[in-house]
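Enquirer: Okay, here's the structure, questions in a sec.
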Amino acid sequence: MLENLNLNRWLLRDANDGTGEGGNGVSDPVDNGNPPASNPPVGDNPPGTEAPPTIDLATLFTPEEVTAKQEAIDTAKAEEERRGKLTDDERTAEDKQKEEDAKANAVPEEYKFKVPEGMVLDENLMNAVTPFFKEKGLTQAQADEYVKLYAETIHPAIYKQQSDRWGEVVEGWKKEVMANKEIKIDDKGENSDGVRVINTLLNEAERKALYDSPAWQYGMGNLPGLNLLFARVAPLLREDTIEGKGGQAKPDLAHRMFPNLP
């Protein structure tokens, strides 16, 4: 292929010099009294009109590179011909679409992520992965795919793993409480001393706050040390303490008759 390319270059040069058949430089001889000059040997040129030296492309490009360059030229030519057949409006619409595509395929200055409803975006995590996304040249759409993968697959898997592990910890606490003979467990599986202590020392609002707290919801009420504390505090409570009044003692007869007594 390279040899043919070099040969064509030589033929083209000779044609331009008028030495090849059909060249523009070939004309009928003029009888001016002098014998006609013979054509110069191939490769020779009149002084001052030397052709540039032929460059052997094989010394500059590999056959694969030559093929790739030719394909690129052919592609560009075909695209130019295609564009030439379009109307002005069609070319304008096409150019606008190309601009939008280029913008969508560019690395954004700042990524804007969306997460599924009910999931909170971890800003610290996003700040940590943003430099990685930029280094890899990810577009917004490509980065969104990573965030979606984390939100829909990785995060739930991690949450389930942690939840299962915590469930095992709480179950271990329950077994330890049940095995402790000092802790009284009623028929409902509750620490009766714990119920009494809470109902006695806390009022209704305080009890509600305790039971609604994340710590209690996640099983902290099963902590062995807390249940042992309940078991040891319950006997110290006065028998006449009214449960549910936040530690208020039942008034004796004298104070019921004379409320202003010290």
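Any read-out appearing in this document is the output of simple, stated calculations on the displayed coordinates, not a laboratory observation. As the structure is a prediction and not an experimental result, all values here were calculated from the model. A quick note on method: Cβ atoms are made from the backbone with ideal geometry, for glycine too, and the neighbour counts reach across all protein chains shown.
Enquirer: Hey, which of these cross-link pairs are over 32 Å Cα-Cα: Lys114/Lys174; Lys136/Lys160; Lys148/Lys208?
Expert: Distance filter (> 32 Å) returns Lys114/Lys174; Lys148/Lys208.
Enquirer: May I pose another question? With +1 assigned to the C-beta of every Lys and Arg and -1 to the C-beta of every Asp and Glu, and no other charges, what is the dipole magnitude of the stretch 106-179 about the Cα centre in debye, to the nearest 20?
Expert: Here the stretch 106-179 has a charge dipole of around 120 debye.
Enquirer: Say each of Lys85 and Lys160 gets a label point 7 Å from the Cα, pointing the same way as Cα to Cβ; how far apart are those two points in nm?
Expert: Distance between label points: 5.4 nm.
Enquirer: Can you sort Ser213, Ser192 by how many other beta carbons sit within 10 Å, fewest first?
Expert: Ser213, Ser192
Enquirer: Additional query: In the stretch 57-154, which trypsin sites (Lys or Arg not before Pro) fall in coil by DSSP and have 12 or fewer other Cβ atoms within 10 Å?
Expert: Lys85, Lys112, Lys114, Lys136
Enquirer: Run the quick spin-label model on Lys77 and Lys208: label points 7 Å from Cα toward the beta carbon, then report their separation in nm to one decimal.
Expert: The answer from the label model is 8.5 nm.
Enquirer: Can you sort Ile198, Ile73 from fewest to most other Cβ atoms within 10 Å of each residue's own Cβ?
Expert: Result, fewest neighbours first: Ile73, Ile198.
Enquirer: Can you give the FRET efficiency for Phe61 and Asn105, using 1/(1 + (r/R0)^6), R0 = 35 Å, r = Cβ-Cβ distance, to the nearest 0.05?
Expert: Efficiency at R0 = 35 Å is approximately 0.70.
Enquirer: Based on the Cβ-Cβ distance from Leu226 to Thr139, what FRET efficiency comes out when R0 is 51 Å, to the nearest 0.05?
Expert: According to the calculation, E is roughly 0.45.
Enquirer: At what distance in nm do the modelled label points of Glu171 and Ala215 sit from each other, each positioned 7 Å from its Cα along Cα→Cβ?
Expert: 2.6 nm
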